[in-house]
Amino acid sequence: MLKIAYHPIFKHPLPDGHRFPMEKYDLLPKQLLHEGTCTKENFFEPELPEISNILTVHSQEYVNNLLSLTIEKRAARKIGFPLSKELIQRELIIADGTMKGCDYALEHGVAMNIAGGTHHAYSSHGEAFCLLNDQAIAARYIQKEKGIKKILIVDLDVHQGNGTAEIFQNDASVFTFSMHGKNNYPFRKEISDLDIELADQTGDKEYLKILKQILPELIEKEKPEFIFFLSGVDILSTDKLGKLGCSIDACKDRDRFVLQTCHDLKIPVQVSMGGGYSPNIKIILEAHANTFRMAQKIYF
Ligand SMILES: [Zn+2]
């Protein structure tokens with residue numbers, strides 16, 4: 001069965017006028033239930049994790065400052081969210097959802113998180129609405145608790161996974177692959193194990209051609225025992241932050257390809273959602289829902 005992490009705190013309300021689209025975390029599970037892609041049994045509710053899990057990735061000082069809400073002003077501005085106790089709890093619970101998702105992925109082949117993909121979180125600071133790096137924390141968790149040795153992170157959000165690249169920069173056991181818009185944030189990029197930079201307006205054909213060539217070769221070479229997939233839908237031409245030109249069908253084809261590849265090679269995969277900033281919420285929901293529809297179709 002497809003297991004999906006969801007907690008009501010994911011849709012934590014932000015002050016009026018804040019531009020981050022939180023409503024998708026509320027609407028997406030409703031949509032998946034409404035259309036019958038999922039039933040209530042597909043969802044599980046993550047909890048507050050042991051802080052020791054967080055400390056395998058993030059520095060004690062940074063975590064202490066988050067928990068006591070004593071992040072200094074400049075660092076807080078970089079994060080972009082108005083920091084509150086609930087927001088910190090939200091990020092902790094998202095990380096738990098990704099860790100528990102790994103347990104389910106090891107059992108069922110695939111598992112997903114209605115939130116997460118917070119790849120701009122570095123070991124010692126947060127950036128761009130990312131406080132804690134959920135997939136990095138989960139990667140350390142399965143290495144420590146499940147004896148997984150080699151991990152591949154496939155980050156297809158339009159923004160480079162700069163935090164993830166920094167966290168694993170000297171760690172050969174976790175291969176970081178990021179395919180992103182060359183001219184998108186972050187403007188000073190980190191060095192992943194493999195970075196593919198795409199020009200503005202890169203369209204369906206070229207996007208899919210590159211991905212379909214690279215991913216199988218990469219898996220063949222690195223032989224990961226577990227894959228994390230960051231399925232941001234900010235690659236769409238309609239996205240107001242992303243500079244690429246992909247259609248919703250290409251985004252769906254991307255998800256199908258990644259999941260089918262993991263399925264056929266029998267490599268467990270955990271999927272976190274990542275970004276999506278099309279002005280029309282219906283487009284964001286449709287694109288994210290496609291990732292879940294593909295997982296159901298391919299695996300169950
Ligand atoms: Zn993004």
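The values are calculated or read from the model by the stated rules, or taken from the named source; none is laboratory data. Everything quoted here is computed from the prediction, not taken from an experiment. Cβ atoms come from the backbone with ideal geometry, glycine included; neighbour counts cover every protein chain shown.
Computed values, structure above
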| item | result |
| --- | --- |
| Of residues in segment 184-217 being crowded, with 16+ Cβ neighbours inside 10 Å and among the aromatic types (Phe, Trp, Tyr), the one nearest to the ligand (Cβ to nearest atom) | TYR185 |
| Test: PHE44 is more than 18 Å from ARG140 (Cα to Cα), among the aromatic types (Phe, Trp, Tyr) and touching a strand residue (DSSP E or B) at 6+ places or on another chain (Cβ under 7 Å) | yes |
| Every residue from segment 159-176 that is out of contact with any helix residue (DSSP H, G or I) (no Cβ under 6 Å at 6 or more places or on another chain) and within 20 Å of VAL233 (Cβ to Cβ) | HIS159, GLN160, GLY161, ASN162, GLY163 |
| Any hit, segment 109-116, residues being more than 12 Å from PHE10 (Cβ to Cβ), touching a residue at least 60 places away in the same chain (Cβ under 8 Å) and either of a type in the set (Asp, Glu) or out of contact with any helix residue (DSSP H, G or I) (no Cβ under 8 Å at 6 or more places or on another chain) (or both) | no |
| Flag for GLU220 being within 15 Å of the ligand (Cβ to nearest atom) and at pLDDT 95 or above | no |
| Scan of segment 261-282 for residues that are within 19 Å of the chain's Cα centre (by Cα) and either charged (D, E, K, R) or within 16 Å of the ligand (Cβ to nearest atom) (or both), ordered by number | VAL271, SER272, MET273, GLY274, GLY275, GLY276, TYR277, SER278 |
| Pair list, Cβ under 7 Å, 6 or more apart: segment 264-285 residue among the hydrophobic types (A, V, I, L, M, F, W, C), other residue exposed (fewer than 14 other Cβ atoms within 10 Å of the Cβ) | ILE281/GLU23 |
| Search result, residues across segment 153-183 that are among the charged types (D, E, K, R), closer than 22 Å to ILE79 by Cα and away from the ligand (no atom under 16 Å from the Cβ) | GLU166 |
